[in-house]
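Every read-out reported here was derived from the displayed coordinates using simple, explicitly stated rules and does not represent laboratory data. A quick note: this is a predicted structure, and the numbers were derived from the prediction, not measured. Neighbour counts are summed over all protein chains in view; Cβ atoms, including those assigned to glycine, are modelled from backbone coordinates with ideal geometry.
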Ligand code: URA
């Protein structure tokens, strides 16, 4: 395999063979192909796309770049959910323990922040001590005991996605249907699932801008799942406005805890219930009850304890991650909120430090936006539109200007 030739052929729109794609992914995983060549390849795929056969080959190569789950005989239904990425989307933090309470196993393998969208792993790591690096043996034992594990890719589990995901985040190559399909489906298929629900987002805060693009992405992921005998359901949701009222790592965990306590914003609760109902195999009313009576919250606490955190810290996250500058953005006039642009809010959050500019960067757990008004809500002149949590006053000013552009008030 001559990698420059492969890159050039993809740049010219040629179809690569299954074998070529497998060799490329194997070599990249083994550090024999450097990041600069893989970035060029990803950019060529971004512009030229891939056929269904190439996408399936990429997915399979990425899935088999490491080990897969092998569940013990007689296991309960193994299920999961994955979102194609949104702003303020903290659904996984609630859904995974909730669906485990319904008697399913949820071996949830997630990602870090990608582009303007937040990542479940970064959010979980805002809980002091929480370890997302879990071996397959530990994950299997935890599934048996608790029914849920939340972890990231490792050098042994989907290592190709671990590397490529981080590279795409910082090379402008995220919003590509074949790359998203292979990234998501390689992780989910390596979990050896019975049922999967995909939350396919579209709009300014998603990688797919239009519903039509989201439908194409959804159809491609369903086709890959069918080939591997996994029942895949897709739900399409607009991501024109952030989910809930918070954006940012620790801030989103705090809002997820509200929902796990039977409270929190209605749009978040509804999304959690819609997606959970598609895989849990129990009536929606039972899921609602498990949110309201503390069952799901207790499971989340057990999950936190099992993965190195202390449940007693959960109520103190706002203090543990207190940003130096916390200030309100005030309404310039009275009116009704007509739009809260998710893309712009996501960008503001990334620039505050909640996301990455380089693959080696960490994220700032404390920064972000909360108390965000939703469209349809009324506000009077001088009342808060939201609060910004910033590291510095300069960062606050930058984010404030973006938030003011993101929120449209109709008088
Ligand atoms: N989620 C993933 O895991 N990968 C993507 O490429 C996008 C969203």
Report summary line: Computed over the chain, the distribution of all Cα-Cα distances in 10 Å bins, rounded to whole %, is 5, 23, 33, 25, 11, 2, 0
Report summary line: The alpha-carbon pair-distance distribution computed for segment 61-114, with 5 angstrom bins and whole-percent values, is 4, 15, 23, 20, 19, 14, 4, 1
Query raised in the report: Per 10 Å bin from zero, what fraction in whole % of the C-alpha pairs of segment 249-379 is there, up to the bin with the longest pair?
Result: 10, 31, 35, 21, 3
Query raised in the report: When the helices in the chain are scored as -39500 (n - 2.57) per DSSP H run of 4 or longer and the sum is shared across all residues, what 222 nm value do you end up with, to the nearest 500 deg cm²/dmol?
Result: -14000 deg cm²/dmol
Report summary line: Note: residue 213 to residue 51 extended length (0.36 nm per residue) minus current alpha-carbon separation gives 56.8 nm
Query raised in the report: Taking the Cα-to-Cβ direction at residue 12 and at residue 392 and moving 7 Å from each Cα, how far apart do the two end points lie in nm?
Result: 4.9
Query raised in the report: So, in nm, how far is label residue 328 from label residue 228 when the simple model puts each one 7 Å beyond its Cα toward the Cβ?
Result: 4.9
Query - Computed label-point distance, nm, for sites residue 408 and residue 135 using a 7 Å Cα→Cβ extension - result: 5.5
Requested in this report: Specify whether the C-alpha gyration tensor of segment 147-209 places it in the rounded, prolate or oblate class, a ≥ b ≥ c being the square roots of the eigenvalues: rounded for a/c under 1.5, otherwise prolate if a/b is larger than b/c and oblate if not.
Outcome: oblate
Report summary line: The Rg/Rh figure for segment 15-113, Cα atoms and Kirkwood Rh, to two decimals is 1.05
Report summary line: log10 I(q)/I(0) for segment 3-63, Debye formula on C-alpha points only (no solvent), q = 0.12, 0.14, 0.20, 0.23 Å⁻¹, two decimals, reads -0.23, -0.32, -0.69, -0.93
Query raised in the report: Given 37 °C and 0.692 mPa s, how large is the Stokes-Einstein diffusion coefficient of segment 154-306 in µm²/s, with Rh as the Kirkwood radius over Cα pairs?
Result: 191
